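This report concerns only the one structure given below.
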Amino acid sequence: MNFDDFSWEREPKRYNINNNEIEVITKPFTDLWQRTYYHFRNDNAPMFLTETDEKFFSFTVKTDFSESHHRFDQCGVIVYLDSENWLKGSVEYESESYQHLGSVVTNNGYSDWATTEIDALIKTVWYRMSRREDDFRIECSFDGVTFSQMRICHLMNANGKIRFGIYACSPEDSSFKAVFSEMEIGECVWNAHDGQQPDND
């Protein structure tokens, strides 16, 4: 992976990049969320992004969040168009018993959050984000080999160039080290649908 093709959106104060991995120390009160339910708007999480107009590809990354310890500490994969249009997949720390593996899709300034509980002992997750034009799929894996679908979604304004990559943040008064490795960009592994045909307009 050539990190020269990436740049920071809101560069973190503390981070380290070498040939194979990226370490980010999160800053307290950093987050990504728009309006829904909580009614607040947060758009200050650091992101390490690259840009492409390629319509079909898959992006994979391993995340290590062994040091997460406070509610909502998180790190993961992201597609970021602007503050009101983006999607992310991550594990959010909740307690010593469980965490939330989930994804957020934000279209036109409104976020949703789909989650499932996982054991708090899990401290590494691989994510694979695939693009087919303006539709996306996020998958996760606990061993880097077998991936399971988390979500299929649509981004309203993702019909041209997009920015995507990784992010880490601590929405409450916390800080932890997030480690990203095994980043790969390759051919789209999300095959075209071969079942029901589209409706005729």
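The values are calculated or read from the model by the stated rules, or taken from the named source; none is laboratory data. As the structure is a prediction and not an experimental result, all values here were calculated from the model. Every residue, glycine among them, receives a Cβ derived from its backbone with ideal geometry; neighbour counts consider all protein chains shown. All accessible areas refer to the heavy atoms of the entire protein, side chains included, with ligands and DNA or RNA removed. Shrake-Rupley method; radii C 1.70, N 1.55, O 1.52, S 1.80 Å.
Listed by chain and number, the lysines placed with their C-alpha closer than 16 angstrom to that of residue 88 are 62; residues fewer than eight positions away on the same chain are left out. Inter-label distance, residue 142 to residue 2: 3.8 nm, where each label sits 7 Å from its Cα along the C-beta direction. The overall shape of region 107-161 is oblate: from the C-alpha gyration tensor, with semi-axes ordered a ≥ b ≥ c, the ratio a/c is 1.5 or greater and a/b is no larger than b/c.
Accessible surface of residue 143, taken over heavy atoms with a 1.4 Å probe and every protein chain present, rounds to 90 Å².
Accessible surface of the chain, 1.4 Å probe: 43 percent of it comes from carbon and sulfur atoms.
Charge tally around residue 41: other residues with Cβ under 12 Å, Lys/Arg +1 each, Asp/Glu -1 each, net -2.
Considering only 140, 59, 110, the residue lying farthest towards the positive end of the dipole of the chain is 110, judged by Cα position with unit charges set on Cβ. The largest-to-smallest principal axis extents of the Cα set in region 53-201 are 51, 34, 25 Å. Rolling a 1.4 Å probe over the protein heavy atoms gives the chain an accessible area of 51 Å² per residue. Relative contact order of the chain, taken over Cα pairs closer than 8 Å and 6 or more residues apart, is 30 percent. Each part gets one Cα centre, and for region 160-183 versus region 33-111 those centres are 7 Å apart. Cβ-Cβ distance of residue 121 and residue 40, R₀ of 25 Å, FRET efficiency by 1/(1 + (r/R0)^6): the value works out to about 0.20. Taking GluC sites (Glu not before Pro) as exposed when DSSP calls them loop (any state but H, G, I, E, B) and at most 15 other Cβ atoms lie within 10 Å, what is the longest stretch of the chain free of them, the sites themselves excluded? Free of exposed loop sites, the longest segment is 1-53.
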